[in-house]
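Presented below is the structure to which this report refers.
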Amino acid sequence: MASDKCSSFLLAAAAVSVFVLASAPAAHSWSKEGHMLTCRIAQDLLEPAAAHAVRNLLPEEADGDLSALCVWPDQVRHWYKYRWTSPLHFIDTPDQACSFVYSRDCHGPDGAEDMCVAGAIANFTSQLMHYNHGSADRKYNMTEALLFLSHFMGDVHQPMHVGFTSDQGGNTINLRWFRHKSNLHHVWDREMILTAISEFYGKDMDAFQKDLVQNFTTGTRSDDVSSWGECEDLLSCSTKYATESINLACKWAYNDVREGETLSDDYFGSRLPIVTRRIAQGGVRLAMFLNRLFGEHDHDVAPPA
Ligand SMILES: [Zn+2]
């Protein structure tokens with residue numbers, strides 16, 4: 001089933017930005033905010049070898065800042081050259097199944113195998129394994145692989161990027177977010193984060209990030225974090241992350257939501273902790289991937305087949 005979540009999101013973001021252009025400074029789409037947070041959290045957790053490799057791979061204009069380019073895969077997915085990457089941002093699972101089965105669900109609209117966000121993470125991870133094996137550059141573009149991996153690690157943690165097929169991950173479930181029109185996918189992509197930043201942090205994304213990191217690293221929820229990085233085989237971790245997402249989508253995103261209704265304080269209050277936890281998890285796990293891929297002791301990374 002062809003679905004086009006990010007693009008419909010971008011369209012909505014474009015509509016919003018046109019609408020608020022006169023009154024608001026640079027309108028950031030959620031997508032940008034969510035991906036930037038994940039990548040900033042990750043980059044702060046890099047060990048020296050990985051930090052060096054990332055700086056080395058980033059183009060000059062990024063000025064050493066991974067988060068500046070984390071949204072790049074969303075920007076190029078409609079370019080002719082990158083159109084093939086469009087199905088890599090999400091997974092459609094069977095309606096109401098509330099499970100992810102790689103062989104059943106990870107395919108493109110034409111049935112091509114591995115064309116989903118879990119397959120993409122494995123693919124770009126395996127490309128980056130060449131970096132420390134000295135076979136980089138010639139066969140693959142390592143910079144693009146880094147940007148794709150960093151972006152898709154964000155997407156796979158957004159519960160509604162692993163949603164039901166017939167509603168396109170909530171894109172066709174129209175409803176209201178407080179006073180304005182939205183849909184269930186956008187609520188998870190963008191609305192909750194923007195509402196949190198504007199309601200609780202005076203529209204300051206840095207303050208939001210600081211609070212988020214503090215909560216999970218030294219704060220009340222720090223016990224949780226040590227288990228996030230646990231994953232033996234880097235090439236199959238994404239299956240675990242996608243499974244978590246569809247479970248969260250069923251338990252928290254879809255649950256009790258009806259087309260046409262208005263979501264407000266109750267939904268926001270009970271679901272925001274899921275959103276912040278998923279952003280933090282994406283960041284911690286991206287750092288774990290990059291530290292293992294680019295670390296000086298890469299013996300725990302299986303050589304590419
Ligand atoms: Zn995406």
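Against the chain, whose longest principal axis comes from its Cα atoms, helix 48-57 is set at around 80 degrees. Averaged over its residues, the chain has an accessible area of 46 Å² per residue, based on protein heavy atoms and a 1.4 Å probe. Dipole size of the stretch 26-181 about its Cα centre, with +1 on Lys/Arg Cβ and -1 on Asp/Glu Cβ: approximately 320 debye, rounded to the nearest 20.
For the chain, what is the mean residue ellipticity at 222 nm derived from helices alone (per DSSP H run of n ≥ 4: -39500 (n - 2.57); sum divided by total residues; nearest 500 deg cm²/dmol)? Don't skip to the answer; put the middle values down first.
Numbers: 12 runs with 149 residues, N = 305.
Mean residue ellipticity, 222 nm, calculated: -15500 deg cm²/dmol.
Calculated on the alpha-carbon coordinates, the convex hull of the stretch 166-305 measures out at 137 cubic angstrom per residue. Atom-type composition of the exposed protein surface of the chain places 53 percent of the accessible area on carbon and sulfur (1.4 angstrom probe).
As a quick test, which of the pairs K32/K181; K32/K203; K32/K251 have an alpha carbon distance above 23 angstrom in this structure? Intermediate results must be reported in sequence, preceding the final value.
Working: K32/K181 20 Å; K32/K203 15 Å; K32/K251 26 Å.
Pairs exceeding 23 Å: K32/K251.
What the Cα atoms of the chain give is an Rg and a Dmax of 18.5, 55 Å.
Over all Cα atoms in the stretch 115-248, the spread is summed up by Rg and Dmax: 17.8, 55 Å. When the Cα positions of G111, W84, A51 are compared along the charge dipole of the stretch 51-112, G111 comes out farthest toward the positive end, with charges on each C-beta of Lys, Arg, Asp and Glu.
Debye-formula intensities of the stretch 87-131, expressed as log10 I(q)/I(0) at q = 0.14, 0.15, 0.23, 0.29 Å⁻¹, are -0.34, -0.39, -0.75, -1.00 (one equal scatterer per alpha-carbon, no solvent).
Comparing Cα centroids, the stretch 92-148 and the stretch 53-69 end up 22 angstrom apart.
When the Kirkwood radius is taken over all Cα pairs of the stretch 43-153, what Stokes-Einstein diffusion coefficient follows at 25 °C and 0.890 mPa s, in µm²/s?
Details: Rh = 15.2 Å.
The estimated diffusion coefficient comes to 161 µm²/s.
Roughly what % antiparallel, to the nearest 5, for the DSSP beta bridges in the chain? Within the chain, antiparallel bridges account for around 50 percent of the total. Measure nothing but the geometry: give the 0 to 90° angle between the long axis through the Cα atoms of 142-157 and the longest principal axis through the Cα atoms of the chain, rounded to 10°. Helix 142-157 and the main axis of the chain meet at about 40 degrees. Summing charges over neighbours of D114, with a neighbour being any other residue whose Cβ is under 15 Å away from its Cβ, gives -3 when K and R count +1 and D and E count -1. Would you work out the relative contact order for the chain, in percent, from Cα pairs under 8 angstrom that are 6 or more residues apart? Reported relative contact order: 27 percent.
The values are calculated or read from the model by the stated rules, or taken from the named source; none is laboratory data. All of these numbers come straight from a predicted model, not from anything done at the bench. A quick note on method: Cβ atoms are made from the backbone with ideal geometry, for glycine too, and the neighbour counts reach across all protein chains shown. What goes into the accessible areas is simple: the full protein's heavy atoms, side chains included, and nothing from ligands, DNA or RNA. Shrake-Rupley method; radii C 1.70, N 1.55, O 1.52, S 1.80 Å.
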